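Everything on this sheet refers to the single structure shown next.
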Amino acid sequence: MALPVSRPANLEQENVPRGISLMLTTTLFFILIDACAKQLSLTLPATEVVWARFFFHLLAVLVFLGPRTIRYARSNRPVLQVFRSALLLTTTFLFFVGIREIELAMASSIMFLSPILVTALSVPLLREKIGLRRVFGVLAGLAGALIIVRPGLGEVPLAALYFVAAAGANAVYQLTTRILRQADDAFTTLLYTALVGAVLASVAAPVEWVAPSPTEWALMVCMGTFGALGHFTLIKAFQSATPSALAPFTYTGLIWATLLGYLIFANLPDGYTALGAAIIIGSGLYIFRREQQAAKTKP
């Protein structure tokens, strides 16, 4: 879930195999978050699960940064940082509300709409120009989502619409990440991601708090830790290799989601979900390729 598209300025020496392995690890961490959230959402309110996601993520980040926390707390665009983090909180809440009724593979497939929506929203929000081929790619991705959700056919719960909304919020979140990569250090963005989410979720969680069992507390801690580790390995991946080398491997999250969905929840995606996911992934890769070609032609 929620893969930022930025690359930190403090680039290390390029090592593509290392970057790919880190990206594969990142996608696993993010799907583990989703699996923990799905299990917790069966017995706990979504606001409480969201709180755990960000609170324990924040604790892990504070331990990792240590004395450097004060330095990274200074942002050149604090308002945009808060807005971006609130978008991720919204994305997470929508995802966690819907995940109790939807299998992991279907949820992950719909969330892959995010990079496609980034292309569509970059026109009104960033005033970028896209050609007819990329417009076709966006429309194909939306068609893939319709195949998965199948509106009006009654076979898919309405909860699937939560993931469509989450993909939209995530797309705007990624667009703000593109802007912030030119203003702040990657670790500043990482800190704000956890801090703002933890503060806002701490306000909402007590409203319908349910006392967690020891097992649920353990899952909460794991979920937050996976979040911190996932964002850290994501940063290191983009420090090791270019986005063009790493982007195709973000789609391996669907493999992890299908595997964990079967092993933990005994769920497998149906044929419509598999077809829709293939179309979304194909259109996403096509759009990415067109963006890379367009970037090469710019002076």
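Each reported figure results from applying straightforward, stated rules to the coordinates on display, with no laboratory input. Note that the structure is a prediction, hence the values are computed from the model and not measured. Please note: Cβ atoms are built from the backbone with ideal geometry, for glycine as well, and neighbour counts cover all protein chains shown.
Are there any GluC sites (Glu not before Pro) in the range 7-78 that are in a DSSP loop and have at most 16 other Cβ atoms within 10 Å? List them by number.
Values: sites: GLU12, GLU14, GLU48; in loops: GLU12, GLU14.
Loop-located and lightly packed - GLU12, GLU14.
Once Rg and Dmax of the Cα atoms in Å is calculated for the structure shown, the corresponding label among [x] 22.5, 73; [y] 18.4, 59; [z] 25.0, 84 turns out to be [y]. Only the Cβ atoms of Lys and Arg (+1) and of Asp and Glu (-1) were treated as charged; on that basis the dipole of the chain about its Cα centre amounts to roughly 1200 debye.
The packing ranking of peptides 267-277, 189-199, highest mean first, is 189-199, 267-277, where packing means the average number of other beta carbon atoms within 10 angstrom of each residue. What value, in deg cm²/dmol to 500, does the helix sum -39500 (n - 2.57) over DSSP H runs of n ≥ 4 give at 222 nm once divided by the residues of the chain? Calculated from helices alone, the mean residue ellipticity at 222 nm is -25000 deg cm²/dmol. Its relative contact order, with pairs defined as Cα atoms under 8 Å and 6+ residues apart, puts the chain at 44 percent.
Determine, for each peptide in 174-182, 70-78, the mean count of other beta carbons within 10 angstrom over its residues, then list the peptides with the highest first. Intermediate results must be reported in sequence, preceding the final value.
Values: 174-182: 18.8, 70-78: 13.7.
Highest-to-lowest ranking by the protection proxy: 174-182, 70-78.
Fully extending the segment from ALA86 to ILE255 would add 58.0 nm, taking 0.36 nm per residue of separation and subtracting the current Cα-Cα distance.
A Förster radius of 22 Å, combined with the Cβ-Cβ distance separating VAL16 from ARG289, puts the computed FRET efficiency at roughly 0.80. Mark the label point 7 Å from the Cα of SER213 along Cα→Cβ and return the residues of the range 33-67 whose backbone N is within less than 17 Å of it. Counting only backbone N, you get 36-45, 49. Of all complete DSSP H helices in the chain, those with a Cα span along the helix axis of 27 Å or greater and a mean Kyte-Doolittle hydropathy of -1.0 or more are 16-41, 46-65, 78-99, 160-180, 186-204, 214-240, 271-297. Comparing PRO269, THR193, GLY253 along the charge dipole axis of the chain, the residue lying farthest to the positive side is THR193, per the Cβ-charge model.
Selection among VAL61, ASN76, LEU87 by position relative to the dipole of the range 60-107 gives ASN76 as farthest towards the positive end (Cβ unit charges, Cα centre).
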